[in-house]
Every structure is written in structure tokens, then in C-alpha cells.
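A short worksheet on the structure shown next.
Where a number appears in this text, it was derived from the coordinates with a stated rule and is not lab data. Predicted, not measured: the structure shown is a model, and the values here were computed from it. Neighbour counts are summed over all protein chains in view; Cβ atoms, including those assigned to glycine, are modelled from backbone coordinates with ideal geometry.
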Amino acid sequence: MKCTEMLIEEHDVILDRLNAMENWIKTKSENDVSVVRNFISFVKEYVDEYHHNKEEDFYFRWIIEKNPSFEKGPIACMLGEHNQGRDLIKAIEQCLQNHHFQKIDSLVLEFSQLLRNHISKENSVLYKAADQLDEESKDGDDLMLKEFKSINEKLKNTPRKFGIKSKEASGNCCGSCS
Ligand SMILES: [Fe+2]
Ligand SMILES: [Fe+2]
């Protein structure tokens, strides 16, 4: 399913940023608040608005429609982890306000680990289950691709802001060529 491919491509972007942030924390010689602020912006604007909204508003709902038993199991777990991540970002912002730099490092690493595990579960279990459901119904892209592209178009400045290059995010492509 093309929608699944788009989400996996976004996961790759997110994992790259998590790696960069973890490396920065492990090797930095001073506390640079602007790096943490930039990371928070990336998480709020790209991870949450650009990526999680596709999952929460369309992809997860489509899965539940195809197989309602997913709602209380895997989907509830994924939604819970999205919220845990949001709470951690709030806690990091609070620490920034209070200049608790050591706490910031441990919270960022905790967030990174949470999101890394979350992405691994989605890639290896949930997205595969979704593709299997689509093997039967074959309507996933028909019902969701237009919505995904409209989010990308509406938020086309987000990948640009963070220097992310992809054919879907470039805004120059009609989106129907692959
Ligand atoms: Fe997710
Ligand atoms: Fe995801």
C-alpha cells in the first residue's frame, strides 16, 4: 500500500533525527538550548502534526474499520505511546524553562527510546497487518492517499523547514508519479 510506504519513509526521517540527537547528547561539550528547541519543534511539527496526524486521523481508523478487534489492542497501545511522547516533550519544555539541563538530556533519551520502539512495532507488526488487510479490501490507497497528500500539501513548509528532502515532501511533484 502506497500509504504504508509514505509512513515508513517518514519513520526513516524521524529515526535519522533521533540518531543525530542521541549522538549530540553523547558528544556535546556544552548545553546548547537552541539544539533542544529545534528538536522540540521537529517533534511537534514533523513527528506529531505531519506524521502522527496521518496515523491517528486516517490510517488507524481505516485499520479499525477493517478489523475492529485492533481498536482495543495494538491501536490503543500506539495511541497511548503517542501521548506518552507528547507528555515527555511537555516535560522537556518545562525543564528548559527551569534550566534543568541534566534532566533534559535524560528526558530526550527517554523520548528517543520510546519513539524508536514505537516505530519498530509499527514497521514490523501494525503496518504489515494493515497491508494484509489491504490485500483483501484493496481500498486503502483509494480512501487515504488523497488525504495523506493533502496533509503534505497543507504542511509542505514543514519538511522544508527541517531540511527534509523527499519526492512526496518536495511539493513540486503531482504526487501521482512514483
Ligand atoms: Fe505512531
Ligand atoms: Fe509512526
Query - Folded to 0 to 90 degrees: helix 127-137 orientation relative to the chain principal axis, Cα - result: 20 degrees
Query - Sequence-distant aspartates and glutamates (8 or more away, or on other chains) whose Cα lies within less than 15 Å of Lys26 - result: Asp105, Glu110
Report summary line: Per the rule of 0.36 nm per residue minus the C-alpha distance, extending Asn123 to Asp57 adds in nm 21.9 nm
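So if I average 1/r over every pair of distinct C-alpha atoms in segment 83-171 and take the inverse, what Kirkwood radius in Å does that give?
One decimal place: 16.1 Å for the Kirkwood radius.
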Report task. Grab the eigenvalues of the alpha-carbon gyration tensor for segment 1-85, scale each by 5, take roots, and send me the semi-axes largest first in whole angstrom. Result -> 31, 13, 11
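Would you mind calculating the relative contact order of the chain from Cα pairs under 8 angstrom and at least 6 residues apart, reporting the percent as a whole number?
34 percent
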Query - Distance between modelled label sites at Leu96 and Asn157, nm, 7 Å Cα→Cβ extension - result: 1.9 nm
Query - Net charge, Gly163 excluded, C-beta distance under 15 Å - Lys, Arg +1, Asp, Glu -1 - result: +1
Requested in this report: Kindly list the residues of segment 18-47 that lie in the label zone of Ser106, defined by a backbone N under 16 Å from the point 7 Å along the Cα-to-C-beta vector.
Outcome: 26
Report summary line: Measuring from the longest principal axis of the C-alpha atoms of the chain, the long axis of helix 101-121 (C-alpha) lies at a number of degrees, nearest 10, equal to 20 degrees
Report task. Kindly state, to the nearest 0.05, the FRET efficiency for Asp16 paired with Glu136, given R0 = 35 Å and r defined as their beta-carbon distance. Result -> 0.55
**Report entry** Rg/Rg_ref, segment 48-112, where Rg_ref = 2.2 N^0.38 Å and atoms are Cα
**Finding:** 1.42
Report summary line: Measuring from the longest principal axis of the C-alpha atoms of the chain, the long axis of helix 2-27 (C-alpha) lies at a number of degrees, nearest 10, equal to 10 degrees
Query raised in the report: Over the chain, with a single point scatterer placed on each C-alpha, what log10 of the ratio I(q)/I(0) does the Debye formula yield at q = 0.14 1/Å?
Result: -0.79
